[in-house]
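Before any comments, here is the structure.
Derivation of every value follows stated rules applied to the coordinates shown; laboratory data play no part. Quick caveat: nothing in here was measured; it's all calculated off a predicted structure. All Cβ positions, glycine included, derive from the backbone under ideal geometry; neighbour counts span all protein chains shown.
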Amino acid sequence: MHSLLPVSTPSASPAQFEEGTTLDRFLLETLRDHPEATGQFVTLINQVTLAAKLVSARVNRAGLAGMFGATGTMNIQGEYVQKMDIYANETFKRALEHAGVLCMIVSEEEENAIPIPPPFHPGKYVFAMDPLDGSSNIDTNASIGTIFAVFRRKSAAGQGQSEDILRSGRDLAAAGYIVYGAGTVLVLSTGQGVHGFTLDPTVGEFFLSHRDIRLSPDTRTYSCNEAYSGTWPAPLTGWLAGTKDPAAGWSARYIGSLVGDFHRNLVKGGVFLYPPSTKAPSGKLRLLYEAFPLAFLAEQAGGAATDGRIPILDRTLASLHERTPLYIGNANAVSEITRLLAT
Ligand code: AHG
Ligand code: MN
Ligand code: MN
């Protein structure tokens, strides 16, 4: 038959095979060797992707809403940002609470842990989230995201207890984020490497796009809000001055959305710093739903994360919204910063 277009020959090469691998299929194949799995984790991730698709669609329309704001229908005091924070929080909560897979939800947007409301049944996982990270960037069309951490419950049954959440980062069962950027990408680890899935909005599915992401150990890119460096710990200002030596080969990238900066560094290599400062003496970022999950991903990808004293995952959560300094990314830069801070 005559064709005007080149026709590719069907091939069973792994690369072609992977092109069509949905997140759902990937999880089922991962769990094939775990006959004890009950399916609750797959259900949990399916509900996460449902919420992510809803938030992604809303974020994509934010530019239109921003234009309305310019006409005076929205104030410039962050009200729209607040609405997106609340929309993301409510969307994730509603998608997650009814599925019978969680015994507790913790959110940046809520002071207390959220029990599973009746008539829904508590399940075996605990979910902590930053529903919308980098929300100050919505009106700039820069990358924003959702970050989440998953623990297996410790308590026997019923609603989750404090022992289910006030625990070491080493207890994490899984972690991930969704970055709403030029495209929407979900990055996930269950402790067997880090894998990325890109949303194809035309069919509403996440497909495997980044298998086994490895964080390059020595890429010389740093990400931080350098404007605050005047009040950082002295060894860091010395380190930062060293990055200005052209012979050292450093470059800088900072968006101001942790999830966007981290994603860039995960894919391209780099180190992210949010040290303590006079303005934020314990750092700004939250241990449970920002530092813990990204540290889990960084370590799984061959990188590292520290609070400047100990690895982030060695910390034990003392309170839900506890803050921490954070140095995260390529292993060599993180170990150099740790060494300097110890002096
Ligand atoms: P959130 O939008 O969840 O409150 O988080 C904002 C955080 C984080 O995304 C980012 O790394 C940091 O704030 C940026 O802070 P600065 O503006 O101080 O650089
Ligand atoms: Mn955040
Ligand atoms: Mn947030």
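Assuming R0 = 45 Å, can you tell me the calculated FRET efficiency for the pair residue 247 and residue 321, based on Cβ-Cβ distance, to the nearest 0.05?
Working: r = 42 Å, r/R0 = 0.94.
Efficiency, from the Cβ-Cβ distance: 0.60.
Please report, in debye to the nearest 20, how large the charge dipole of the chain is about its Cα centre when each Lys and Arg carries +1 at its beta carbon and each Asp and Glu carries -1 there. Walk me through the numbers before you get to the answer.
Details: 28 positive and 33 negative charges, 61 e Å.
So the magnitude is around 300 debye.
Based on Cβ point charges of +1 for Lys and Arg and -1 for Asp and Glu, what charge dipole magnitude is obtained for the range 221-341 about its Cα centre, in debye rounded to the nearest 20?
Numbers: 11 positive and 9 negative charges, 37 e Å.
The dipole magnitude comes to about 180 debye.
Among 177-183, 35-41, 20-26, how do they line up from the highest to the lowest mean number of other beta-carbon atoms within 10 Å? Spell out each step's value before the answer.
On the way: 177-183: 21.9, 35-41: 12.4, 20-26: 16.0.
My ranking of the peptides, most packed first, is 177-183, 20-26, 35-41.
Fewest to most neighbouring Cβ within 10 Å: what's the order for 45, 255?
On the way: 45 25, 255 19.
So the residues, fewest neighbours to most, are 255, 45.
Determine the distance separating the Cα centre of the range 197-240 from the Cα centre of the range 257-314; give it in Å without decimals.
Their Cα centres are 9 Å away from one another.
Order by neighbour count: 299, 226, fewest other Cβ atoms within 10 Å first, most last.
Numbers: 299 23, 226 14.
Ordered from fewest to most neighbouring Cβ atoms within 10 Å, 299, 226 come out as 226, 299.
If neighbour count is taken as other Cβ atoms inside 10 Å, put 43, 231 in order from fewest to most.
Ranked by crowding around the Cβ, least crowded first: 231, 43.
Got the relative contact order for the chain handy, in percent, Cα pairs under 8 Å and 6 or more residues apart?
On the way: 682 pairs, mean separation 52.2, N = 343.
Dividing the mean separation by the residue count of the chain yields 15 percent.
Okay, helix-only estimate at 222 nm for the chain: each DSSP H run of n ≥ 4 adds -39500 (n - 2.57), divide by all residues, round to 500 deg cm²/dmol; what do you get? The partial results should precede the final answer.
Details: 9 runs with 102 residues, N = 343.
So the calculated ellipticity at 222 nm is -9000 deg cm²/dmol.
In the range 232-311, which trypsin sites (Lys or Arg not before Pro) fall in coil by DSSP and have 11 or fewer other Cβ atoms within 10 Å?
Working: sites: 244, 253, 264, 268, 279, 284, 286, 309; in loops: 244, 253, 279, 284, 309.
Of the trypsin sites (Lys or Arg not before Pro), the ones in loops of the range 232-311 whose Cβ has at most 11 other Cβ atoms within 10 Å are 244, 279.
Can you list the aspartates and glutamates whose alpha carbon is less than 18 Å from that of residue 124, not counting same-chain residues fewer than 8 positions off?
The qualifying aspartates and glutamates are 36, 97, 163, 164, 171.
Counting Lys +1, Arg +1, Asp -1, Glu -1, what net charge surrounds residue 117 among other residues with beta carbon under 14 Å of its beta carbon? Mind showing how you got there, number by number?
On the way: positive: 93, 94; negative: 90, 97, 110.
Net charge in that neighbourhood comes out at -1.
Quick one: which residues, 5 or more positions from residue 303 or on another chain, have an amide H under 5 Å from its amide H? H modelled 1.01 Å from N in the peptide plane, none for Pro or chain starts.
Result for residue 303 returns 215.
Between 143, 197, 334, whose Cα lies farthest towards the positive end of the dipole of the chain when Lys and Arg beta carbons carry +1 and Asp and Glu beta carbons carry -1, centred on the Cα centre?
334
Ordered by packing density, taken as the mean number of other Cβ atoms within 10 Å over each peptide's residues, highest first, how do 269-275, 192-198 rank? Numbers along the way, then the final one.
Working: 269-275: 24.9, 192-198: 19.9.
Order by mean packing, descending: 269-275, 192-198.
For the chain, what are the DSSP H helices with axial Cα length of 18 Å or more and mean Kyte-Doolittle hydropathy of at least 0.5?
On the way: long enough: 40-60 (30 Å, 0.78); 79-97 (26 Å, -0.83).
Both cut-offs are met by 40-60.
Normalised by the residues of the range 195-343, what does the relative contact order come to in percent, with Cα pairs under 8 Å and at least six apart? Display every interim value, and only then the final one.
Numbers: 271 pairs, mean separation 40.0, N = 149.
Taking the mean separation of contacting Cα pairs over the length of the range 195-343, I get 27 percent.
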